[in-house]
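J.: Following this message is one structure expressed as structure tokens.
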């Protein structure tokens, strides 16, 4: 009662204030029937034409608001409790974070859940409840310069041997390019790490520092010492070297596909060659749409998720824009005629999702730092450094 | 001189003119604008239930009006605008930071307790496994919403909020979907949009036993059977899991937890006393923190000293030369370039394998500029000098040009050597003008986040550090690493660190300003 009374007083004062300001109007209460969507400019361009068409069909209005990619998740988290958030949010899958901050609402897909790739859908869940509706799945692979290396490498050692021959012959500068520098990039290296059988978590139990992980650490030290992986190579340098034909192999994702095509370098997309004997499984990243827990248009927002996002035409339309494998299975079948997408999709079938645990935040830092220290030869005993890393991560998780 | 020749009376009236209509109008308009803006602020504070801030704003408005409408009190009239800005942009920010430092504000504690409870309730409502999907229509009667459901078996039910489903005989489509019931108005999609928030709240019990679940429809055309796996008990302020009897209680730190320590997400924003300060000054990290503090001091002092030294040297060299203005324009360039960009460029230039410095200038050497802990420290200081010297060059040039040449000349006539003239006459006079800037420069370098963060990110990494402190991490970059771990942000902890750093710098600045006052007594 008191709160509502205060609101009334507030409105009265607001009216007085507005009168005093005369020209400046007090903001009108939010009663627009407009579905508001926040995302980065890249996805505004891709989603807006498709969504406008759908909105016209359903008979609602939809408005896209362009947000800065690096800021938008935190802005969304801050804006929703203040009642200033949008109805829908499109971005990288961040289910644990968004649910933990109480800013997203659950969605029930019903039977339509079967339309989605199970892995992608699982990344949008927490404790069995669906929050994010996935639309694109991406993973890294190896781009191979087919002039320099006509055949795919069977193992990582073969790839390095080929690369070293090319460097010795003067036709390449680096045997293998992966943009780990200067601060470490465990995301890109995960394929190599997983080929030793290393995983990050088993359930909620940390497994990164088990025997398989330690084997990877020892190999990493060798690669750093032999120059197979150069810790000074940044993302930009790696990409530039590949585009200029100065390295036969590059680990990166579909986001560099257009740039590499434009460079004119003849390329093939291969699975990451195994270094430890097992399948090199890269991380799978997912993009998703979330509904705000404070959506002012809950019906329109859930229609967007359960109708618009489950249509094959929508998924294919998004694919036309981002050239990334759709999460919707009927759309996957439709776009798999594109050889590059097919290659990425086949590699993606082996990919592992980034663990959807809050504890993952405590892993990235020590993990990347330790990898860099080992690559640079700054760790006297790489295996011990890897074990110490496990201790640090456990302490950080325990401290919350 | 001229004034003294005119009549005193006219001087008086010229200095204290009668309030003109024009002046009064301007005054009314200006104060009116301030009052309107103030009232607007007050209304906004009220709308978001910030009663305290609203009271402060009202008080402020009253004070401003009293000051400007009463006669006399001229000093207050001049001082008030500055004081207002000081309060709003400095004092308020500091107080706000202090307040935040006593809360758990950050990831996982982002919303109010009421919103958190509402979220937990909503998130705990899950679809009953293997339950059927119902086709529904949204009906309205007397302002209440109802769901007309067709079960997969082709049976028809009607129910509303707290009114369990009961069988009905509806009109239906050719495919056997119920569409209308007499006495109720079936809503079209456009009409449903108008009531979508009510629809989102609508839960229709399956039968009289609430444990059997209820129907909800998010889209107005299909409905699923849901049940809650957590029940909120408002009288005890607890959540209970009905299947296990597990109870979650408010732990006083912004979360519901059970006896096993399992937390419900989300938590909420609440005061937690000195916990952040205890964490910031945690015993485990004290020795390392001291190391970081010493390096921060070293960085700030050497950065300012070298920057000032180089700036002064160049200023003396160039002062009076032909083309001073050209040099001045050229030397402003590093300063005119955003630190964030040139920092990235420097980090590329100093790359061990691919950098321009090693590749071209040193002919393919591999000097670990940013990788060796000691070399990296030297590198960041040198780059910070590169960023900062043009500023002190300009300041010193100005100060030098204001030193009267007669003083140096007089000293020379008295037989002083050029070095004596510099150290006894010129330098002290330049220092009088620049010492407050040196103190400010020190405070700036102490918190020089940009240079360190862009150039080395605090690295090279020290994997033995328990607080992730790299070799070039200064306090502020370390705070950033501690408080903003990937997607986890801890505003409470960051604010506690900020308050501690603020106190350190304040104490040092007070001390340094005392010292500079003795310099100013040279005059």
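J.: Would you confirm whether any residue within segment A:12-30 is at pLDDT 50 or above and within 13 Å of chain B (Cβ to nearest Cβ)?
T.: no
J.: Turning to a different aspect of this structure: Output the qualifying pairs, or none if there are none: Cβ atoms under 8 angstrom, residues six or more apart or on different chains, first residue in segment B:326-350 and without any contact (Cβ under 8 Å) to a residue 24 or more places away in the chain, second residue in a loop (DSSP other than H, G, I, E, B).
T.: B:327/B:321; B:348/B:354; B:348/B:355; B:349/B:355
J.: Please list, ordered by first then second residue, the pairs with beta carbon atoms under 7 Å, 6 or more apart or interchain, first in segment B:78-101 and without any contact (Cβ under 8 Å) to a residue 24 or more places away in the chain, second in a helix (DSSP H, G or I) and surrounded by 11 or more Cβ atoms within 10 Å (Cβ to Cβ).
T.: B:80/B:64; B:80/B:67
J.: Let me ask something additional. Just to be sure, is residue A:337 over 16 Å from the mean Cα position of the chain (by Cα), assigned to a helix (DSSP H, G or I) and more than 14 Å from chain B (Cβ to nearest Cβ)?
T.: No: the conditions fail for residue A:337.
J.: Within segment A:374-400, restricting attention to residues that are in a helix (DSSP H, G or I) and at pLDDT below 90, which residue is nearest to residue A:126 (Cα to Cα)?
T.: A:397
J.: So, restricting to strands (runs of 3 or more DSSP E) that lie completely within segment A:86-197, which ones have at least 2 residues that are farther than 30 Å from residue A:225 by Cα?
T.: Values: elements: A:88-92, A:133-139, A:141-145.
Fully inside segment A:86-197 and qualifying: A:88-92, A:133-139.
J.: One residue is enough: does segment A:99-106 have a residue meeting the conditions in contact (Cβ under 8 Å) with a residue 24 or more places away in the chain, in contact with a strand residue (DSSP E or B) (Cβ under 8 Å, 6 or more places away or on another chain) and more than 14 Å from every other protein chain (Cβ to nearest Cβ)?
T.: The initial filter retains those residues of segment A:99-106 that are in contact (Cβ under 8 Å) with a residue 24 or more places away in the chain, namely A:99-106.
Add one more test, that the residue is in contact with a strand residue (DSSP E or B) (Cβ under 8 Å, 6 or more places away or on another chain), and what stays is A:99, A:101-106.
Pick out the ones that are also more than 14 Å from every other protein chain (Cβ to nearest Cβ) and you get none.
The answer is no, given that none of the residues of segment A:99-106 is in contact (Cβ under 8 Å) with a residue 24 or more places away in the chain, in contact with a strand residue (DSSP E or B) (Cβ under 8 Å, 6 or more places away or on another chain) and more than 14 Å from every other protein chain (Cβ to nearest Cβ).
J.: Separate question: Is it true that residue B:184 is touching a residue at least 24 places away in the same chain (Cβ under 8 Å) and away from chain A (no Cβ under 14 Å)?
T.: yes
J.: Quick one: is residue A:294 surrounded by fewer than 22 Cβ atoms within 10 Å (Cβ to Cβ) and touching a helix residue (DSSP H, G or I) at 6+ places or on another chain (Cβ under 9 Å)?
T.: Spelling it out, it is not the case that residue A:294 is surrounded by fewer than 22 Cβ atoms within 10 Å (Cβ to Cβ) and touching a helix residue (DSSP H, G or I) at 6+ places or on another chain (Cβ under 9 Å).
J.: Still on this structure, please answer the following. Got a sec? Which of B:120, B:100 is modelled with pLDDT under 90 and within 14 Å of chain A (Cβ to nearest Cβ)? Walk me through it before giving the result.
T.: On the way: B:100 fails: modelled with pLDDT under 90.
Selected residue: B:120, the only one of B:120, B:100 that is modelled with pLDDT under 90 and within 14 Å of chain A (Cβ to nearest Cβ).
J.: Between B:509, B:466, B:495, which is part of a loop (DSSP other than H, G, I, E, B), more than 21 Å from residue A:181 (Cβ to Cβ) and either in contact (Cβ under 8 Å) with a residue 24 or more places away in the chain or facing another protein chain (nearest Cβ under 10 Å) (or both)? Full working, then the answer.
T.: Values: B:509 fails: part of a loop (DSSP other than H, G, I, E, B); B:495 fails: part of a loop (DSSP other than H, G, I, E, B).
Result of the check over B:509, B:466, B:495: B:466.
J.: For the list (1) under 21 Å from the mean Cα position of the chain (by Cα); (2) under 30 Å from residue A:130 (Cβ atoms); (3) more than 10 Å from chain A (Cβ to nearest Cβ), I need the number of the one condition that residue B:113 fails.
T.: Only one criterion in (1) under 21 Å from the mean Cα position of the chain (by Cα); (2) under 30 Å from residue A:130 (Cβ atoms); (3) more than 10 Å from chain A (Cβ to nearest Cβ) is unmet by residue B:113, namely (1).
J.: Spot the failing condition for residue A:115; the list is (1) surrounded by fewer than 20 Cβ atoms within 10 Å (Cβ to Cβ); (2) facing chain B (nearest Cβ under 9 Å), and only one is missed.
T.: All conditions pass for residue A:115, except number (2).
J.: In addition: Of the numbered conditions (1) crowded, with 19+ Cβ neighbours inside 10 Å; (2) more than 14 Å from chain A (Cβ to nearest Cβ); (3) out of contact with any strand residue (DSSP E or B) (no Cβ under 7 Å at 6 or more places or on another chain), residue B:146 satisfies every one except a single condition; which is it?
T.: Evaluating residue B:146 over (1) crowded, with 19+ Cβ neighbours inside 10 Å; (2) more than 14 Å from chain A (Cβ to nearest Cβ); (3) out of contact with any strand residue (DSSP E or B) (no Cβ under 7 Å at 6 or more places or on another chain) leaves (3) as the failure.
J.: Please pick out the residue among A:90, A:137 that is more than 30 Å from residue A:240 (Cβ to Cβ) and away from chain B (no Cβ under 14 Å).
T.: Criteria check complete, one pass: A:90.
J.: Which residue is surrounded by the most Cβ atoms within 10 Å (Cβ to Cβ), if the candidates are limited to segment A:52-68 and must be in a loop (DSSP other than H, G, I, E, B) and on the phi < 0 side of the Ramachandran plot?
T.: Only one residue tops the list, namely A:60.
J.: Could you tell me which of the residues B:444, B:511, B:449, B:502 is surrounded by fewer than 20 Cβ atoms within 10 Å (Cβ to Cβ) and within 30 Å of residue A:373 (Cα to Cα)?
T.: Numbers: B:444 fails: within 30 Å of residue A:373 (Cα to Cα); B:511 fails: within 30 Å of residue A:373 (Cα to Cα); B:502 fails: within 30 Å of residue A:373 (Cα to Cα).
After applying the criteria, what remains is B:449.
J.: Considering segment B:44-69 alone, what residues qualify as being within 13 Å of chain A (Cβ to nearest Cβ) and within 24 Å of the chain's Cα centre (by Cα)?
T.: Scanning segment B:44-69 gives B:44, B:45, B:46, B:47, B:48, B:49, B:50, B:51, B:52, B:53, B:54, B:57.
The values are calculated or read from the model by the stated rules, or taken from the named source; none is laboratory data. Here the structure is a predicted model, which is why all the values come from computation and not from measurement. Virtual Cβ from ideal backbone geometry, glycine too; neighbours counted across all protein chains shown.
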